[in-house]
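S.K.: If you scroll down you'll find the structure; I have some questions about it.
Bear in mind these aren't lab numbers, they're just calculated from the coordinates by the rules spelled out. Keep in mind that this is a model prediction, so the values were computed, not measured. Cβ sites come from the backbone with ideal geometry, for glycine too, and all protein chains shown count toward neighbours.
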Amino acid sequence: MKNKNIKGVRLIVAAMVLFFIVFVIIRLYFEESKNFSPLALKGSTLIFGLWIIIILFGLTFLFILARNILKMYLENNQSGTGHSFKNKLVFFFIAFSLVPTLLLFIFATDVISQSIEQWFKTPIENIMHNVEDVKKNYYGKINEDLEHFSGLIAAMIQQKRMYTDENKIFLQNKLKEKMLEYKLDVVNIYKNKNEVFAIFNPRIPMQEYKNLPLNIVYRGLGGAGFTTIDTLKTGELIRNGVAFDITQGDKMLIITGKYFPESYTRSLNALAGMVSKHSQMRVLRDPVKNTYILLFLFITILIIFSASWLGFYLAKGITVPIEKLVLATAEIAKGNLDVRIDYKAKDEFNTLINEFNRMAFDLKENRDKLNRRTIELRHRRSITETILKNITSGVMALNASGEIIAINPEAARMLSLDMEVVARKNFAAVISETIYQDIHVLIRKAFETRFKLIEKEIDVKLKGKYINLAVKITQLRNPINNRFAGLLVVLTDLTELIKAQRMLVWREVAKRIAHEIKNPLTPIQISSQRILRSLDQPPDKFRSIVEDSLNIISQELASIKNLAEEFANFARLPEIKFSQGDINEILEKLLTVYTSIYQNVQFKVKLDVELPSLVKLDVEQIKRVLVNVLDNALEIIGKEGEIEISTSYNGESKFITIEIADNGPGISDEDKQKVFMPYFSKKSSGTGLGLAIAHNIVEEHNGLISITDNHPQGARFIIELPA
């Protein structure tokens, strides 16, 4: 291994020395060929040396190429991985360099031959004439630029009236700026025949500078354009002028100039000399052409040699890491995640091997984590299935498409379904709209409105008897992106519970009725006894006692009648009769009555004009809800206060919201839980049925009614109805 490294170093050093020699020879040739020297064009020693180098390179290239191809052939016959890739890579590099390089050589030699032929065929007389044209065009372009700059400066002075005495310093500064901007060397300002300013670039030789003759100045002031070329010892100064009127009878002349050192004019003269030299070189046409073709041939062979050597070198450096990667990958595919590559490569292959080892390590870690997670999930799933099988509530999970993805035995029993048959089927095909209409409607509503929670009690006829179900529908959300993932439907059989509650409620009602009736019966009894005791009284006094007692009896009987009506209304609310109604219109009519009665109460009304004009509802029942809520708010705030009424519409959920807020003392958190329960009242004269009736009516409309705190004080009732 050590001998191979030493041999490789020697070859690299030898190649570098040889390349340096070739570089020096080519450099010398090009330096001499710049001036068409005889050494470059006629030196047979230099050309012969180039041919020797090209032949040596060619033989070396063929030897190395043949040796490496033979070596690849022998390796290819042996079993192993990576040899096919190595062969393709080497041949790719050789072909990639050989084809375009040969095409470039053929094209370049043809271009060189044609260019040299055209070069020497160019008539010298035409070149001489063209040199003169170039000179005229050169000076013409300079004259146009100066005339343009003079015009720009003149326009600036004339527009901003810089020719006045008070602007003299400002004008001088501006001229200096424009000299730098336009790259001028001279700027002269004449007012009539007198020179006002003369600004010069420091590079102008002032000892050779000459002022413009007066006849040129007068000519410029007269409006005739002019251009002057002053030949100095070290170069040429070209000037151009533009005049304009400043006041009546006064004119101003702007003169700009550029200075060109002798090197500029010397180039034009040198061009003419090159033309004459060109005619002398006509006899050297073939040596020049052959020499350049020879150089291109040398570069072609050098490129092919370098590309082939690079291909062998890269192929050798790539094959071993790839072979180890292939073997390690095969082990990974077999499931052996403990495999590691113990090899020090270079550059990106070293990074690739390190990343492969890291990948194998991560795969092993992730597989172990996955196994542990799988065991944990199986355990949790077993616990969940056990819970679902043993809970008394029915549970059913739907995905975002409405398919049943899970159902427990209790839900299947309640709905008379087969757990295996309904799996992965759409709820609409399983939960019949005719048999389970209420459940079907609630699930469809949950999908359409995407409410987070829907709760309702329904009656379902199953196997010939009615059962009462509490349906609770909750959204399922993807924990990663929080997108809607489906619904969780929980069914609870409340039949026995409701029976017990009804018995308890009727007992409570009986006690409440007895208590409420007992209160007015006491004064009735006392009044009757008073009448009996006064039978012996004189007629006038007896009449007075009877009238007072009968008035008391009449009042208490009216109280009993009112109490009976309240209980009757709550016990048998009229059936909902849906029609088309306008929420805003209902509120406006009610508020017209309330504002006329409660003139000391401030009503703040904010009705949403975007509300749907016609909504499916029972107008009289909704009016009753609003009256009960408004009456409750008015009783709380007293004779003076503030009530805020507003409506709004949610286009996404398609629900109308009515909010009624007061600035009263508010409702405690404990009472908020009871406020919609029957017979709950904080008032001595109240029956506790008004808000309970309102709650039942809103539920019959598939809506919601709730209560929250109003800020800064008071209570806020929120009624939500489907549009």
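S.K.: If packing is taken as the average count of other Cβ atoms within 10 Å, what order do 157-163, 386-392 fall into, highest mean first?
M.R.: Numbers: 157-163: 15.0, 386-392: 11.4.
So the peptides 157-163, 386-392, ranked by packing, come out 157-163, 386-392.
S.K.: Using alpha-carbon pairs under 8 Å, 6+ residues apart, how would you state the relative contact order of the stretch 579-722 in percent? If you can, show how the numbers build up before the last one.
M.R.: Values: 248 pairs, mean separation 33.9, N = 144.
In percent, rounded to a whole number, it is 24.
S.K.: Go ahead and run the numbers for FRET between residue 201 and residue 366, Cβ-Cβ distance against an R0 of 60 Å, rounding to 0.05.
M.R.: Numbers: r = 76 Å, r/R0 = 1.27.
So, using R0 = 60 Å, E works out to roughly 0.20.
S.K.: If Lys and Arg each add +1 and Asp and Glu each add -1, what is the summed charge of the other residues whose beta carbon sits under 15 Å from the beta carbon of residue 149?
M.R.: Working: positive: 141, 174, 176, 178, 183, 239, 258; negative: 144, 145, 147, 177, 181, 185.
Combined, the nearby Lys, Arg, Asp and Glu give +1.
S.K.: Would you list 471, 625, 17 from fewest to most Cβ contacts within 10 Å?
M.R.: Values: 471 20, 625 26, 17 10.
Ascending number of Cβ neighbours within 10 Å: 17, 471, 625.
S.K.: I've got another one for you. Of 456/577; 141/191; 136/174, which sit over 22 Å apart, Cα to Cα? Don't jump to the answer; show the numbers that get you there.
M.R.: Values: 456/577 20 Å; 141/191 28 Å; 136/174 33 Å.
Table pairs above 22 Å Cα-Cα are 141/191; 136/174.
S.K.: Along Cα→Cβ, 7 Å out, is where each label goes; now give me the distance between the ones at residue 476 and residue 70 in nm to one decimal.
M.R.: In this crude label model, residue 476 to residue 70 measures out at 7.4 nm.
S.K.: How do the peptides 533-546, 187-200 rank, highest first, by the average count of neighbouring beta carbon atoms within 10 Å per residue? Each step should come with its number before you reach the end.
M.R.: Numbers: 533-546: 11.4, 187-200: 16.1.
Order by mean packing, descending: 187-200, 533-546.
S.K.: Right, another one. Treat the count of other C-beta atoms within 10 Å as a stand-in for reagent exposure and order 74, 65 from fewest to most.
M.R.: Details: 74 9, 65 17.
In order of increasing Cβ crowding within 10 Å: 74, 65.
S.K.: Nearest 0.05, what FRET efficiency do residue 606 and residue 495 give at R0 = 56 Å with Cβ-Cβ as r?
M.R.: Numbers: r = 45 Å, r/R0 = 0.80.
According to the calculation, E is roughly 0.80.
S.K.: Where does each of 610-617, 373-380 land if you order them by average Cβ count within 10 Å, highest first?
M.R.: Values: 610-617: 15.5, 373-380: 10.4.
Those peptides, ordered most packed to least, come out 610-617, 373-380.
S.K.: Using a 10 Å cut-off around each Cβ, can you sort 292, 218 from fewest to most neighbouring Cβ atoms? Can you show the working numbers first?
M.R.: Working: 292 17, 218 14.
Ordered from fewest to most neighbouring Cβ atoms within 10 Å, 292, 218 come out as 218, 292.
S.K.: Another question, then. Return the inverse of the average 1/r over all pairs of distinct C-alpha atoms in the stretch 579-722, which is the Kirkwood hydrodynamic radius, in Å to one decimal. Numbers along the way, then the final one.
M.R.: Values: mean 1/r = 0.0644 Å⁻¹.
In the stretch 579-722 this quantity evaluates to 15.5 Å.
S.K.: So what J values fall out for the stretch 181-198 if you push phi through Karplus, 6.51 cos²θ - 1.76 cosθ + 1.60 with θ = phi - 60°, rounded to Hz, Gly and Pro as x?
M.R.: Residue by residue, the stretch 181-198 yields 5, 8, 6, 9, 10, 9, 9, 10, 10, 10, 10, 6, 9, 8, 7, 8, 10, 8 Hz.
S.K.: Read phi for every residue in the stretch 628-637 and hand back ³J(HN,Hα) as whole Hz from Karplus 6.51 cos²θ - 1.76 cosθ + 1.60, θ = phi - 60°, with x for Gly and Pro.
M.R.: After applying 6.51 cos²θ - 1.76 cosθ + 1.60, I find 4, 5, 5, 4, 4, 5, 5, 5, 6, 7 Hz.
S.K.: Just subtract the alpha-carbon distance of residue 543 and residue 380 from 0.36 nm times their residue separation and send over the number in nm, one decimal. Walk me through the numbers before you get to the answer.
M.R.: Working: separation 163, 0.36 × 163 = 58.68 nm, distance 8.62 nm.
Working it through step by step, the gained length comes to 50.1 nm.
S.K.: Now for a separate question. What FRET efficiency comes out for the pair residue 588/residue 450, r = Cβ-Cβ distance, R0 = 30 Å, nearest 0.05?
M.R.: Values: r = 32 Å, r/R0 = 1.06.
Efficiency for this residue pair is about 0.40.
S.K.: Once fully extended, how much extra length lies between residue 351 and residue 152, figured as 0.36 nm per residue of separation less the alpha-carbon to alpha-carbon distance? Can you show the working numbers first?
M.R.: Details: separation 199, 0.36 × 199 = 71.64 nm, distance 6.46 nm.
Extra length available between residue 351 and residue 152 comes to 65.2 nm.
S.K.: Multiply the residue separation of residue 535 and residue 399 by 0.36 nm, subtract the distance between their alpha-carbon atoms, and state the gained length in nm to one decimal.
M.R.: Details: separation 136, 0.36 × 136 = 48.96 nm, distance 8.31 nm.
40.6 nm is the gain from fully extending residue 535 to residue 399.
S.K.: Counting pairs of Cα atoms in the stretch 391-493, how many percent are more than 19 Å apart? Let's see the in-between values first.
M.R.: Details: 1968 of 5253 pairs.
Roughly 37 percent, rounded to a whole number.
S.K.: I need the phi-derived Karplus couplings for the stretch 608-619: 6.51 cos²θ - 1.76 cosθ + 1.60, θ = phi - 60°, integer Hz, Gly and Pro marked x.
M.R.: 6, 6, 7, 4, x, 5, 10, 10, 6, 6, 9, 4
S.K.: Right, next: Label points 7 Å out from Cα along the Cβ direction at residue 192 and residue 306: separation in nm?
M.R.: 7.6
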